[in-house]
């Protein structure tokens with residue numbers, strides 16, 4: 001993973017020494033624009049898949065209804081993805097994509113990395129489609145726009161600040177590990193109060209990670225990278241920010257969302 005080192009300050013400095021400031025600034029802007037474009041496409045694909053899957057999975061027509069979840073009728077497709085053991089595969093599939101991407105990114109072609117990222121975003125959309133069974137559409141929309149506004153401000157801070165966020169990032173990663181362990185524990189405890197506390201903690205951790213990841217992605221830029229390497233770095237950066245966005249969104253939804261009756 002050396003090409004994607006979060007602390008690639010040596011390469012950053014080398015880029016400055018080999019190119020004029022104008023060339024460096026233009027190249028960096030293009031690189032970061034690529035990161036945000038890939039991330040936006042991924043989020044858009046996730047939203048479309050989540051909405052499409054939910055529309056296929058739910059119905060108000062008694063002739064198509066094979067089961068109910070809460071007060072919502074499910075089609076046979078909905079029963080399969082929400083009410084059968086297949087739901088666990090769907091829940092874990094995005095995680096499998098993340099591990100695969102992390103371990104294989106250096107060996108992938110840029111086009112393959114791009115396609116794997118899009119497949120991951122689609123898998124995440126299928127996994128997240130279940131939130132439309134739990135929360136109202138208004139709640140989901142509200143949480144999305146709050147997340148977008150907060151994410152934009154945090155990422156802008158990470159991009160523009162002169163402060164080195166490495167120390168904060170290391171602390172946040174330790175917090176993230178603790179959060180994951182606590183979340184696994186709560187699967188068995190099923191404590192609403194504990195889940196609320198974890199959601200609050202998750203918002204704080206991923207808010208900080210958004211700023212740190214943005215700075216790290218910026219420091220990955222190297223003016224002499226070829227197109228293949230630059231594209232892979234852009235896709236890798238998009239994945240990092242995408243995960244920050246999704247985790248802030250789902251945590252805020254858990255904190256502020258109104259549930260379907």
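Tabulated values for the structure
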{"quantity": "Conditions (1) farther than 20 Å from residue 246 by Cβ; (2) surrounded by 12 or more Cβ atoms within 10 Å (Cβ to Cβ); number of the one not met by residue 102", "calculated": "(1)"}
{"quantity": "Which listed residue, of 194, 245, 171, is closer than 28 Å to residue 141 by Cα, at pLDDT below 95 and assigned to a helix (DSSP H, G or I)", "calculated": "194"}
{"quantity": "Qualifying positions in segment 157-166 - loosely packed, with under 13 Cβ neighbours inside 10 Å and either touching a strand residue (DSSP E or B) at 6+ places or on another chain (Cβ under 7 Å) or in a helix (DSSP H, G or I) (or both)", "calculated": "160"}
{"quantity": "Some residue of segment 158-167 being within 19 Å of the chain's Cα centre (by Cα) and farther than 23 Å from residue 30 by Cα", "calculated": "no"}
{"quantity": "Which numbered condition residue 70 misses (of (1) buried (at least 16 other Cβ atoms within 10 Å of the Cβ); (2) touching a residue at least 60 places away in the same chain (Cβ under 8 Å); (3) in contact with a strand residue (DSSP E or B) (Cβ under 9 Å, 6 or more places away or on another chain))", "calculated": "(1)"}
{"quantity": "Hey, residue 130 at pLDDT below 90, in contact with a helix residue (DSSP H, G or I) (Cβ under 9 Å, 6 or more places away or on another chain) and surrounded by 14 or more Cβ atoms within 10 Å (Cβ to Cβ) or not", "calculated": "no"}
{"quantity": "Number of positions in segment 1-53 that are within 27 Å of the chain's Cα centre (by Cα), in a helix (DSSP H, G or I) and at pLDDT below 60", "calculated": "6"}
{"quantity": "Cβ pairs under 8 Å, 6+ apart, first in segment 40-61 and farther than 15 Å from residue 133 by Cα, second surrounded by fewer than 17 Cβ atoms within 10 Å (Cβ to Cβ)", "calculated": "41/118; 42/118; 45/118"}
{"quantity": "Positions within segment 213-242 being part of a loop (DSSP other than H, G, I, E, B) and touching a residue at least 60 places away in the same chain (Cβ under 8 Å), in sequence order", "calculated": "221, 222, 223, 224"}
{"quantity": "Candidate set: segment 66-75, residues that are touching a helix residue (DSSP H, G or I) at 6+ places or on another chain (Cβ under 9 Å) and not in a strand (DSSP E or B); chosen: the one farthest from residue 144 (Cα to Cα)", "calculated": "66"}
{"quantity": "Given (1) touching a strand residue (DSSP E or B) at 6+ places or on another chain (Cβ under 8 Å); (2) over 24 Å from residue 39 (Cα atoms), number of the condition residue 253 does not satisfy", "calculated": "(2)"}
{"quantity": "Test result for residue 184, part of a loop (DSSP other than H, G, I, E, B) and over 13 Å from residue 244 (Cα atoms)", "calculated": "no"}
{"quantity": "Candidate set: segment 201-228, residues that are surrounded by fewer than 16 Cβ atoms within 10 Å (Cβ to Cβ) and in contact with a helix residue (DSSP H, G or I) (Cβ under 7 Å, 6 or more places away or on another chain); chosen: the one nearest to residue 102 (Cα to Cα)", "calculated": "228"}
{"quantity": "Out of 89, 116, 140, sole residue that is surrounded by 18 or more Cβ atoms within 10 Å (Cβ to Cβ) and either outside any helix (DSSP H, G or I) or free of Cβ contacts under 8 Å to residues at least 24 places away in the same chain (or both)", "calculated": "116"}
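The values are calculated or read from the model by the stated rules, or taken from the named source; none is laboratory data. Please read these numbers as outputs of a predicted model, since none were measured by experiment. Cβ atoms come from the backbone with ideal geometry, glycine included; neighbour counts cover every protein chain shown.
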